[in-house]
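To start, the structure under review is shown below, and the notes come after it.
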Amino acid sequence: MEGLAYFFTAIVDFIDPSSLWNILWATLLGIIVGMLPGLTATLGVALMTTLTFGLPPDEAILILVCMYVGAIYGGSRSAILLNIPGTPANAATTLDGYPLARRGEAGHAMGIATAGSVLGSFIGMIMLATIAPLLAEAALRFQSFEFFWLAVFGIIISGRLTALDDPLKGWIAGFLGLLVAMVGQEAIYSYPRFAYGDTNLAGGFGLLPVLVGLFGFAEVLTVMKQPLAAVIKTATDSVIPNVREVLRYWKTIIRSGVTGTLMGLIPGVGEDMGAWASYAIARGASKEKEKFGKGSIEGLMAAEAGNNSAVPGAIIPVLTLAVPGSAPAAVLLAAMFIHGIRPGPLIMITNPSFVYEVTAMVFMASASILLYGLLLTKPLLMVLRVPPSRLMPIILVLCTVGSFAIASRLFDVWVMLAFGIAGFILRQYGFPMAPLILGVVLGPILDSNLRRGLVLSSGSLEPFLTRPISMVLWITIALTILLGIPPVQRFLGAAIRHVTRRRAPDAGS
Amino acid sequence: MHRADLVIGLVFVTFGALVASEAANMPRYANIGANPVTAPGLVPGILGGILAFLGLVMALRAAIALRAGRTSGAPLEPTEVFGVDATIDEVPPSYVPEPPQASRRRLATMFVMSLLFAAVAVGRLPFWLGTFLFVFVTVTLLELPRFRGARDTATRLAVALAIAGAVAWAVPFVFERIFLVRLP
């Protein structure tokens, strides 16, 4: 009940001209960023973090949440019209969105995407408000041992799920990220690791310059390498979703919203996996399986509800564990620290209203995407006509400003360039970026908690292995690694086939 | 792909080993009675070791595949996610056919111009001037292959000039005046 009061108080606070203006422009900018292939939600939130650096914390976080929600929704436009996902989160949207557009139902598809995104966000929002306080309370029992395993868990799960065909590359990216975080002064003795007498290196790599490099400059180079898109389709039919059609799939929407939120909750996994998992489950449960991949309304709805519900899902671990659920959530976490907000297990004790304020921010952003989806879909498609040759130089200017602005160090601009080049090369060879970023965020947590835990246990590893939550985490990690090894996968696959083949004749007899 | 994986794997083995050896040389503060498990080099050493091991696995895997005569490795984009075929197999009709060197040229232009702007011009030239020159020259160079005749050239140059002018004015105005953020 207290939570509901906080939520409504926050909503009332947001209904003032200044907040409404911020909500409207930030969501609109988010939709535009998401629509443009090559600009991701992560880059949008990172650049916006520097822009809102001087604003009061509540205004800045409101703008960032609106940008985040808007960008994930905006990516559906190019997925439907061009078969190119605007952000990685919209890849599953192309499967049914683009066939619908080819049938001349682009407006219809965008209407369904709007409905799915808004309803998915609402479900995620409800889960954010209910799960976050419970998780924060549970996390109060976490000690160094659990936080250490949580960091390892994040890297292993994120590496596994963001590089499904080759988890080894996902894990390498994650451990590389952890190593990046080791540069600079450590927490116990202030010893400058890998600094070689350089004061800039002693300060460590800032998360934002690294992020802007990996998701900005690397993306600019990637777009330049891709073939040019010139002919832009547009929608001729209505973009207003049919309420009866939406209600027909209410079970799919709820299921996808819950699935997306839960996928968002897993550290470093994020919206794209939220969409894929929701889509796969919706297909498995559907009475119209044959339509999936050929312009299924249900499939499109599931994908969009899944990715947008993963946004509040990814914010849950940010608020309660200070561990990001996705790459954009990692920037949001960094922004909270920059603005003096301390997320973590104590959030419900030190700042209990904040979780509900963030819930209200998601609500306002979702209401805005509904407004834009109904009123501005067709005019906004003009954005897709801007050629990359004119847009990418502007993005590079913003990346430069974005990496410089927080600490006013030219060193950060060089860091952005170096990580951009490294990220571009790594991406060309199939290394995912999300585990790398998660590694940079989790590095200090892993470092301080491993050493603190070892001090507490007098150098013994026993508490790391025997405490109940630690045990669950390390067993999950071990199983994830085992199941990611191809010979083990082949052996298990053969064993399952053997068992099912033996059962089939039994059933027949 | 396997050949690239072999090289990259070996790079990670070398890098991980270097990190681990560097970490081993970090101070342990035994002279002030510090607990050895708090040594600054402990975690980077472990991480360097893990990275070298993972690099070794990657290199060995690639070497075995090359020996067996396989050339292509795992696809860069996932082909199947949770049992769903994730390949976007249809080339979007919006793509413009172009010679393969066109994308390499675009990439090289953007790469060189970005380095010139962010690593050389920023901090040496006034920000608005550096931005103006970078945007104008880059847009012009990227659109150069599409210049058709004097009129088209003039129009495209005018557009590049307008974009450069607008960005050089708008970025400092929005960041410095509205959001009070410092620029390089």
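The values are calculated or read from the model by the stated rules, or taken from the named source; none is laboratory data. Keep in mind it's a predicted model, so treat the numbers as computed, not measured. Here Cβ is always computed from backbone atoms with ideal geometry, including for glycine, and neighbour counts include all displayed protein chains.
Some observations on this one:
- Every listed requirement among (1) crowded, with 22+ Cβ neighbours inside 10 Å; (2) aliphatic (A, V, I, L, M); (3) at pLDDT 90 or above is met by A:L371 save one, (1).
- 3 or more residues over 30 Å from A:D166 (Cβ atoms), more than 8 Å from chain B (Cβ to nearest Cβ) and modelled with pLDDT of 90 or more: qualifying helices (runs of 4 or more DSSP H) within region A:395-485: A:434-456, A:462-466
- Restricting attention to region B:32-44, the residues that are surrounded by fewer than 20 Cβ atoms within 10 Å (Cβ to Cβ), outside any loop (DSSP other than H, G, I, E, B) and either touching a residue at least 24 places away in the same chain (Cβ under 8 Å) or more than 8 Å from chain A (Cβ to nearest Cβ) (or both) add up to 1.
- Checking B:I8 against (1) more than 8 Å from chain A (Cβ to nearest Cβ); (2) surrounded by 20 or more Cβ atoms within 10 Å (Cβ to Cβ), the condition it does not meet: (1)
- On the stretch given as region A:87-113, residues that are more than 19 Å from B:V81 (Cα to Cα) and either more than 12 Å from chain B (Cβ to nearest Cβ) or outside any helix (DSSP H, G or I) (or both) total 12.
- Test: A:L321 is touching a residue at least 40 places away in the same chain (Cβ under 8 Å), within 30 Å of A:P57 (Cα to Cα) and over 15 Å from the mean Cα position of the chain (by Cα): yes
- Residue within region A:279-301 that is of a type in the set (K, R) and touching a Pro at 6+ places or on another chain (Cβ under 6 Å) present: yes
- Output for region A:38-86, where each listed residue is outside any helix (DSSP H, G or I) and more than 14 Å from chain B (Cβ to nearest Cβ): A:L39, A:T40
- Enumeration of residues in region A:439-469 that are of a type in the set (V, I, T) and farther than 13 Å from A:A181 by Cβ: A:V455, A:T466, A:I469
- Matching residues in region A:185-216 - criterion: being facing another protein chain (nearest Cβ under 9 Å) and either farther than 23 Å from B:A24 by Cα or in contact with a Lys or Arg (Cβ under 7 Å, 6 or more places away or on another chain) (or both): A:E186, A:I188
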